Each structure stands twice: as C-alpha cells, then as structure tokens.
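Here is the structure we will look at.
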Amino acid sequence: MAPSDYVQSRELATKHNGQFFTTLVDGRPYLPNLTVNTCDLSSICNAALVSVVLSIYIAATNNASDAGTGAALAAKDAELKAMHLSIDWKSLLKDSSGSLTCTKVTGGITNALFRVSGFDNLKPAIASAVATLLKTGSSSGNYRSSLIDFDSVLMRIFGAEGMIDRDVETSTFAALCNAGIADRYIGRFDNGRIEGWLDGFVPLKCVDLTHDGTSLDIAKEMARLHCLFDLEGELRDHHFGTDSGAITVGLWDQLNSWTEQAKGYSEFKTPCDTERVRGIELDRIESEVRNFIASFASPTPSESVDAGDSTANVCGKPAGAKTNSGIVFCHNDLLAANIMRHPETSKIQLIDFEYGGTNYAAFDIANHFNEYAGGTSVEDNGATDYTRFPDPNRQKNFCVEYVRTTRRLENMKSGLTDSDVEEGKDLDKEATNILKEVHKFILVNHLYWGLWAINQAAEEGCEEFDYVNYATNRFNEFYSKKAEWEES
C-alpha cells in the first residue's frame, strides 16, 4: 500500500486528456481525470459503471496463474494506463444509461453519499466490456458475470477538503478491506471513491448503543480492529513513524494544527456564525489544549519527553504492550451511524474509517462513549444529549468485554488456545485500569471534535449542518465534565 502511487498517477494523468485514463493503485482502478458532479446523478452512475467494469477486469486477471506476482502487477498496471484507448466507454455508458438508478444516502456530514443500483441487469454488458479488455471472446462470459455479486455500490464524494489526506486515507481503507475489517473497495476517481454496499445492513441509532448485547458486540469489533489490523511499507511508516523505538501518534499534532487553523479564521460564512464562534472564546480553548498536551506528555522518571512530542506515551503503558491499552490503529470516529448491523444475523460491521490512524486505544473507547450523545446526524443538527452518556456500569462492562476479546485474539495470534491461558485472570482489574485511561481521553475527545467542527464551519458553512452548534455543545460538555471530575 503506497499513498505516493496516487501522486504519481496524477502526474501521469496530466499528460493524458482522457477522463477515463486509469492506473492501478492498491490493486484497484484509479481514474484521476474523472470528476463527479454531485448535482448530476448521471455523472455519478457513469463513474460507478466505469469503476465496476475495471474492478471486474482486475478480479478476472487476478485469477490467472501468475496473478499477484510483481511482474503480473507491473504488466497489469501498464495495461491499465492504456485502457482508456481500448474500450468505447461512451457507447457503453449510453447503452447502459437507463439501467442504473442513483439515490442520495442521508446521514453523512463529511462526505456526500449516493447509492447506485441496477448492476444485476448489466451483467451481460459488463461481461462483454471486460471481454474487450481481456481481448477474449464471450466463452467465459458466465464466469465474468459471476464476479458481479452485487446489485448496488456506495459512491463517496469527498468533503472536508484539506482536513483529510485522501491518498493516505484511501490506501488505509484498501488495507482494511484486504484484512477483512472493512467491507469492499472498488475504485477511486478524482473527487471520490466507490465502495461496496452492505445489503441488508442498517446503521445503528444512538438508542441502539444502550442495548447490552449491541454494546458488547461493538467492544468485540473494536478489539478486533485494534488487535488484528497491521500495516506494511510506506503506509506503516506514515501511521506508525519510521523510528523503530517509538510509534508516532498524530493526536497531539492534530490538536495543535486544528487549534491554529480555527484561530486563523477572522470571519465565517455568515456574520451570525462569526459572532457565535467569538462567543466560544477560542483563546480559552487553546489554553486548554496546551495544558492537556503538557500534562499528558509529562515525562516519567525514566523518560525525557518534550511537551509537544507526538510520540509521548500518555496512557501509562508502552506501545506494543501485551494488552491494547497502548498505541494501536484506531477508528477514531465510532459514532452510531458508523456501525452497521444486520437485523437477522446481528453481525456488526464498522464503516467510515476516514479519521482512522495511530492513536491510543483509550481514545477510541472514550470517543465511542461520547458518541452516545449523538449530535452529528442531519436531524440532530449539532444538538447533543449527554444524559445518554453511558453509566459507570455500562462503561465497565464494555471494557471487560474489550479486554476479554483482546486476550483471546492475542492468544490466537500466539498459537495458544483458551485452555492454555487463564483468560479470566485479573480481567476485572485490567478493565478498571483501562477505564481510568479512557476517562482522561473523554475530555481530550471533546476538544478534538469541537475544533474539527469550528474548522468545518469555516470551510463548509452551517447551512446544511450547524457545525457551530455542535462545537458549542462539545466545548460546553468539556467544561462541565472537567468541573465535575475536578470536584470528585
């Protein structure tokens, strides 16, 4: 997984005028010249169809005997770079224009999301297009049609411009899909990405988080992400750093950066928004951020850590500790809508990893607890309800299940069975210790998303979602929780 391959692909694309110029990055098609207009549903359908054809072509060639070797991928890449010359995309899109439907998906505030459906009806046309690319006849058409095991895809049109490195984020998403943690990544275009549609799954609502069984299932899935996902090569260097003796954590640098960005805006989209942000007193928020960074990064007698050092170990356990209360790959945005559940099988699937990265496991748990209050749906429009914050017993049960699952997964990775290890030994004690770490990050998490919302308000405005309202509520809860814990 190499984010720099996206940069190289865009450089190559400047030499080609065709909108369907394609390269292979992270094993999926990338069309850097193809831009989708969110107001033009036909352009969304066209991008989806082209990407699906290319992805089926890749899947078909991956089943060749030499697929996966360096030589095979290099040859395939060369074919993909010329692919825009080898198929009549305009005819294919014209012939298929009435077969696909596009509907807007509600719930996302960072990106524009659309569902494109109707691929079942296009299996013959797609198989024929793939045959053209493979330079084969129609004898294997049934095989190629069998590779289209879906009727719908999800189109994600990127938002939050400048706040997310989409090259790194997409490479990370590809790695998560390859590891079986995320669902399916089909391809990428200039301003977005095509992903699998989770048929039958529905996003959770805040009230679902309070169900005991659901809460424990989420704890298990979070432990699975923290324990089983690993990165290699350039992508690992980006997330974990190149120093073998310390793992880079971007949390503190991100807080500093977002604080500076927020304070840099003199005006927002409307005079009303400008006045509301002034009432938040960002100077005071900046002071809180600096105090937290300094206190969390205070060196122990055996360490000498600079107050702003992004590799500081603030959770009380070193990176790579046997239990994952240290530094791991985190989701960082595990709100209800980013957790899908199948109503019949109760299977949980995490989605939307775009804020994922190296972080403290305790931050991921703290973030999830804060998300009980909601606020990020279009209906909430920034209004939160912290009376829904999980009570101490629910927090404890979550952490116990998290530790239990972590131990099982670590035993599995070590080749041990449950009978080889006393799984329950000190389980309650370890969960209690992790919960203490989680409480530290409850406050940090409010600062994190409050600052994010201020910057979103400046860049996107508050017409479709009231980011300033959301920031105000996060900061108010920060001060309330801080005062409560200082008194206790």
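The values are calculated or read from the model by the stated rules, or taken from the named source; none is laboratory data. Since we're looking at a predicted model, the values are computed, not measured. Cβ: placed from backbone, ideal geometry, glycine included. Neighbour counts: every protein chain shown. These accessible areas exclude ligands, DNA and RNA; they are computed on the full protein's heavy atoms, side chains included. Shrake-Rupley method; radii C 1.70, N 1.55, O 1.52, S 1.80 Å.
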### Query
Scanning the range 35-60 for residues that are free of Cβ contacts under 8 Å to residues at least 40 places away in the same chain and in a loop (DSSP other than H, G, I, E, B), which turns out least open to solvent (accessible area, probe 1.4 Å)?
Asp40
### Summary
Scanning the range 357-384 for residues that are assigned to a strand (DSSP E or B) and not small (Gly, Ala, Ser), the one surrounded by the most Cβ atoms within 10 Å (Cβ to Cβ) turns out to be Tyr360
### Summary
Expected output for the range 94-108 (first residue free of Cβ contacts under 8 Å to residues at least 40 places away in the same chain, partner outside any strand (DSSP E or B) and open to solvent by 100 Å² or more (accessible area, probe 1.4 Å), Cβ below 7 Å, 6+ apart or cross-chain) is Ser99/Asn121
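One line per residue, one yes/no per condition, for (1) touching a residue at least 24 places away in the same chain (Cβ under 8 Å); (2) surrounded by fewer than 21 Cβ atoms within 10 Å (Cβ to Cβ):
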{"position": "Lys440", "(1), (2)": "yes, yes"}
{"position": "Val444", "(1), (2)": "yes, no"}
{"position": "Arg474", "(1), (2)": "yes, no"}
{"position": "Glu484", "(1), (2)": "no, yes"}
{"position": "Ser488", "(1), (2)": "no, yes"}
### Message
Condition first: under 21 Å from Trp252 (Cβ atoms) and not aliphatic (A, V, I, L, M). Now tell me which residues in the range 276-295 satisfy that.
### Response
Asp283, Arg284, Glu286, Ser287, Glu288, Arg290, Asn291, Phe292, Ser295
### Message
Among the numbered criteria (1) modelled with pLDDT of 95 or more; (2) in a helix (DSSP H, G or I), which one does Phe268 miss?
### Response
(2)
### Task
Say whether the condition of being more than 14 Å from Ala336 (Cα to Cα) and open to solvent by 70 Å² or more (accessible area, probe 1.4 Å) is met by at least one residue in the range 202-213.
yes
### Message
Looking at (1) more than 26 Å from the chain's Cα centre (by Cα); (2) surrounded by fewer than 14 Cβ atoms within 10 Å (Cβ to Cβ); (3) under 26 Å from Asp40 (Cβ atoms), which one does Thr106 not meet, given that it meets all the others?
### Response
(1)
### Query
Which residue pairs have Cβ atoms under 6 Å apart, sit 6 or more places apart or on different chains, and have a first residue in the range 356-371 that is within 21 Å of Pro392 (Cβ to Cβ) and a second that is open to solvent by 10 Å² or more (accessible area, probe 1.4 Å) and of a type in the set (S, T, N, Q)?
Ala361/Asn324
### Query
When only residues in the range 228-265 that are aliphatic (A, V, I, L, M) and not in a helix (DSSP H, G or I) count, which is surrounded by the most Cβ atoms within 10 Å (Cβ to Cβ)?
Val249
### Query
Out of all the residues in the range 118-166, which are open to solvent by 20 Å² or more (accessible area, probe 1.4 Å), modelled with pLDDT of 80 or more and small (Gly, Ala, Ser)?
Ala125, Ser128
### Message
For Ala458, only one of the following conditions fails: (1) more than 27 Å from Thr214 (Cβ to Cβ); (2) open to solvent by 20 Å² or more (accessible area, probe 1.4 Å). What is its number?
### Response
(2)
### Query
Are any residues in the range 337-352 out of contact with any Pro (no Cβ under 9 Å at 6 or more places or on another chain) and not hydrophobic (A, V, I, L, M, F, W, C), and if so, which ones?
His342, Pro343, Glu344, Thr345, Ser346, Lys347, Gln349, Asp352
### Task
Within the range 1-34, track down each residue that is outside any loop (DSSP other than H, G, I, E, B), open to solvent by less than 40 Å² (accessible area, probe 1.4 Å), touching a helix residue (DSSP H, G or I) at 6+ places or on another chain (Cβ under 8 Å) and among the hydrophobic types (A, V, I, L, M, F, W, C).
Leu24, Val25, Leu31
